[in-house]
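The values are calculated or read from the model by the stated rules, or taken from the named source; none is laboratory data. Computed from a predicted structure; not experimentally measured. Heads up, the Cβs are rebuilt from the backbone with ideal geometry, glycines too, and the neighbour counts pull from every protein chain shown. These accessible areas exclude ligands, DNA and RNA; they are computed on the full protein's heavy atoms, side chains included. Shrake-Rupley method; radii C 1.70, N 1.55, O 1.52, S 1.80 Å.
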Amino acid sequence: MLEDFVLPKPNKSRVRKQGSSLAVAMIVRNEARCITRCLESVRPWVDTMVVLDTGSTDETKELARNAGALVHEMAWTGSFSEARNRSLELADADWNLIVDADEWIQSGGDTLRRWCQTPNRLGSVCVHSSCMMSRGRDGEKVPSETLNWITRVLPRGARFERRVHEQVASDLIRTRTEVHLGHDGYLDAQMVNKKGRNRKLLLLDLKDRPGDPYILYQLGKEAESRQDYRKACRFYQQSLATSHDRANWKHSLVIRYLFCLGQCGQFDTAFAYIQQNMQRWEHSPDFFYMVGNLALDQAKADQVNALSEWIPLAVTAWGRCLEIGDQPSLEGSVDGVGSYLAETNLDAIGSALGVGGNFRAMSRRSDPIGIAL
């Protein structure tokens, strides 16, 4: 029975074994909405929960204490990495799990201690971020989630750098853990309070690191969140020019770039980029889902050639998504683009054309701009 399920009570006096202490280290500010949910999800798996508050004016601190956390305070300095590093100092643990207040452990918490038995490495967790995904330029959105593998399990001594979108500064190898976090901070209701927060910090970081592709990528995301798609395209183009192919955020960068090109109506540029990078992303359902969306948008703009050229390309691209299937291990992948989202689009096209399931036969061709799928 659900009412019989009780989480372990907080125990601030657990005996710490040599070389095995595990803490959760958090920085927070005005997180009364979600702080209890977060702490209750991590409490069974760690020895200590350390919460560093940077200026809450709501009940965050009281709620954190009630959940069993050790609460400290620090004046906000304008740097997330400074706050992160202070929280790590306060935790003083052999291993640290980094979690934000708008996240919670979905699964894998019971595997953390076993993972931490191997030293000299960093651990990535899979963050499932709830979001509303746009289907095209008409603005229609459907619920979905993005999957990102982010370094969140740190051994003693690891530290962060950068003012915002902070990164772990370490040469240690990064391996994936079995920990999965839920995250609802990207939903519109939560983004209202974050709007405009990061741009100033990103520009300061860019001044310190001119031309840094990761900062340019984040500036593109910030512009995209404001629906300034032309500016986002410029930042993404600059980032693409110097970013390394092995950067774990490169896949997300490419998909966001194509989306913003479509929002700007720059279809020639988008399809030229697709043609040049088809082989690089042949195993990405997100890439082909975006090809299909762009082709459908182009069909609306070029109705003369819609049925002969663009609709067949869209059908072929979404069909390729189903062939590939969802790829949850692919950084930045959106859940459903290799399954139900692609199927929904294909069914909608088939219904609109009045051909039912036979419409997929249209896809076995090359489109007029030379994109062979």
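Only residues that are at pLDDT 95 or above, in a loop (DSSP other than H, G, I, E, B) and charged (D, E, K, R): list them for the stretch 1-45, please. Answer for the stretch 1-45, where residues must be at pLDDT 95 or above, in a loop (DSSP other than H, G, I, E, B) and charged (D, E, K, R): ARG29, GLU31, ARG33. Restricting the stretch 94-115 to residues that are in contact with a helix residue (DSSP H, G or I) (Cβ under 9 Å, 6 or more places away or on another chain) and among the acidic types (Asp, Glu) leaves a set whose member that is most open to solvent (accessible area, probe 1.4 Å) is ASP110. Among the residues making up the stretch 278-307, a single one is open to solvent by 30 Å² or more (accessible area, probe 1.4 Å) and closer than 21 Å to GLN238 by Cβ: ARG280. Does THR60 fit the bill of being of a type in the set (S, T, N, Q), surrounded by fewer than 17 Cβ atoms within 10 Å (Cβ to Cβ) and farther than 16 Å from PHE160 by Cα? No; evaluated as a whole, the condition is false for this residue. Looking at the structure I just gave you, is SER225 of a type in the set (Gly, Ala, Ser), out of contact with any Cys (no Cβ under 6 Å at 6 or more places or on another chain) and at pLDDT below 95? Taking the combined requirement at face value, the residue satisfies it. Residues to consider are ASP326, ASP335; find the one that is open to solvent by 40 Å² or more (accessible area, probe 1.4 Å), closer than 16 Å to GLU282 by Cα and charged (D, E, K, R). The match here is ASP326. I'd like to check something: does the stretch 74-88 contain any residue that is touching a Leu at 6+ places or on another chain (Cβ under 9 Å), of a type in the set (Ser, Thr, Tyr) and under 18 Å from CYS38 (Cα atoms)? Checked against the condition, which is being touching a Leu at 6+ places or on another chain (Cβ under 9 Å), of a type in the set (Ser, Thr, Tyr) and under 18 Å from CYS38 (Cα atoms), the stretch 74-88 yields at least one hit.
Which ones in the stretch 338-348 are buried (at least 20 other Cβ atoms within 10 Å of the Cβ) and more than 29 Å from ILE150 (Cα to Cα)?
ASN345, LEU346
Checked against the criterion of being touching a helix residue (DSSP H, G or I) at 6+ places or on another chain (Cβ under 8 Å) and open to solvent by 30 Å² or more (accessible area, probe 1.4 Å), the candidates HIS244, HIS251 yield just one match: HIS244. Helices (runs of 4 or more DSSP H) fully within the stretch 205-292 that include at least 3 residues being under 21 Å from the mean Cα position of the chain (by Cα): 213-225, 229-242, 250-263.
Being in contact with a Lys or Arg (Cβ under 8 Å, 6 or more places away or on another chain) and open to solvent by 30 Å² or more (accessible area, probe 1.4 Å) is the filter here; which residues of the stretch 225-241 pass it?
Correct list: SER225, ARG226.
Somewhere in the stretch 116-128, is a residue within 15 Å of SER21 (Cα to Cα), open to solvent by less than 30 Å² (accessible area, probe 1.4 Å) and touching a residue at least 12 places away in the same chain (Cβ under 8 Å)? Checking the stretch 116-128: at least one residue is within 15 Å of SER21 (Cα to Cα), open to solvent by less than 30 Å² (accessible area, probe 1.4 Å) and touching a residue at least 12 places away in the same chain (Cβ under 8 Å).
Screening VAL71 on (1) touching a Ser or Thr at 6+ places or on another chain (Cβ under 7 Å); (2) open to solvent by 20 Å² or more (accessible area, probe 1.4 Å); (3) of a type in the set (A, V, I, L, M) shows it passes everything except condition (1).
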